[in-house]
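The values are calculated or read from the model by the stated rules, or taken from the named source; none is laboratory data. Here the structure is a predicted model, which means the values were calculated and not measured. Glycine gets a Cβ as well: all are built from the backbone with ideal geometry, and neighbour counts include every protein chain shown.
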Amino acid sequence: MSTLTLEIPVIELVHPMPGFPGRSRFALVRLDDEADLCQLRSLDDPNLRFLVIPPASFFPNYAPTVSDDVVADLEITSADDVIVLLVLNAGDSLADTTANLMAPVVVNTVTRKASQVILDDPAFPIAAPLVA
């Protein structure tokens, strides 16, 4: 899987995120040079932003399996071209912040197509604490 050193100016969601119809164009913006904290900023609605991180720093064993439909929708031909991002629910502190492991955003860095994928695996919680 790719690291976030890649520049991805515009990501096109092949399916809008649940609850946000008509919002399909986002910019992936790195917020911190020391960490991989990023923001998905809607290009369709300037007030819509999601904090996201790649899972490796906080969930090193996180390895979701996506369906063949997702692979086809995003035109994925190699796992090396994929970035997985976790949507954060920011708390008052890092200890209160959670990550949604059940619905990662999968990005094909070649096609710049992405989708928030709802996993059918009870092992992945919706609100996993970033720190124990």
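Would a scan of segment 32-43 turn up a residue that is surrounded by fewer than 17 Cβ atoms within 10 Å (Cβ to Cβ) and either β-branched (Val, Ile, Thr) or under 25 Å from residue 122 (Cβ atoms) (or both)?
no
Can you tell me which residue is surrounded by the fewest Cβ atoms within 10 Å (Cβ to Cβ) among those in segment 62-80 that are of a type in the set (A, V, I, L, M, F, W, C) and under 15 Å from residue 103 (Cα atoms)?
63
What number of residues in segment 108-120 are within 18 Å of residue 20 (Cα to Cα) and either modelled with pLDDT under 95 or assigned to a loop (DSSP other than H, G, I, E, B) (or both)?
Result for segment 108-120: 2.
Residues in segment 81-89: is at least one charged (D, E, K, R), modelled with pLDDT of 95 or more and surrounded by 17 or more Cβ atoms within 10 Å (Cβ to Cβ)? I'd like the intermediate steps shown before the answer.
From segment 81-89, those charged (D, E, K, R) are 81; that's our starting set.
Imposing the further condition that a residue be modelled with pLDDT of 95 or more reduces the set to none.
No.
Residue by residue, here is whether (1) free of Cβ contacts under 8 Å to residues at least 40 places away in the same chain; (2) closer than 17 Å to residue 109 by Cβ; (3) of a type outside the set (Gly, Ala, Ser) holds:
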site	(1), (2), (3)
16	yes, no, yes
21	yes, no, yes
24	yes, no, no
33	yes, no, yes
41	yes, no, yes
70	no, yes, yes
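Let me confirm something: among 108, 47, which residue is within 23 Å of residue 9 (Cα to Cα), in contact with a helix residue (DSSP H, G or I) (Cβ under 8 Å, 6 or more places away or on another chain) and not aliphatic (A, V, I, L, M)?
Numbers: 47 fails: in contact with a helix residue (DSSP H, G or I) (Cβ under 8 Å, 6 or more places away or on another chain).
Matching residue, one of 108, 47: 108.
Return the only residue of 95, 103, 123, 99 being aliphatic (A, V, I, L, M), under 19 Å from residue 51 (Cα atoms) and modelled with pLDDT under 95.
Matching residue, one of 95, 103, 123, 99: 95.
Scanning for something surrounded by fewer than 16 Cβ atoms within 10 Å (Cβ to Cβ) and free of Cβ contacts under 8 Å to residues at least 24 places away in the same chain, does segment 100-118 turn up at least one residue?
no
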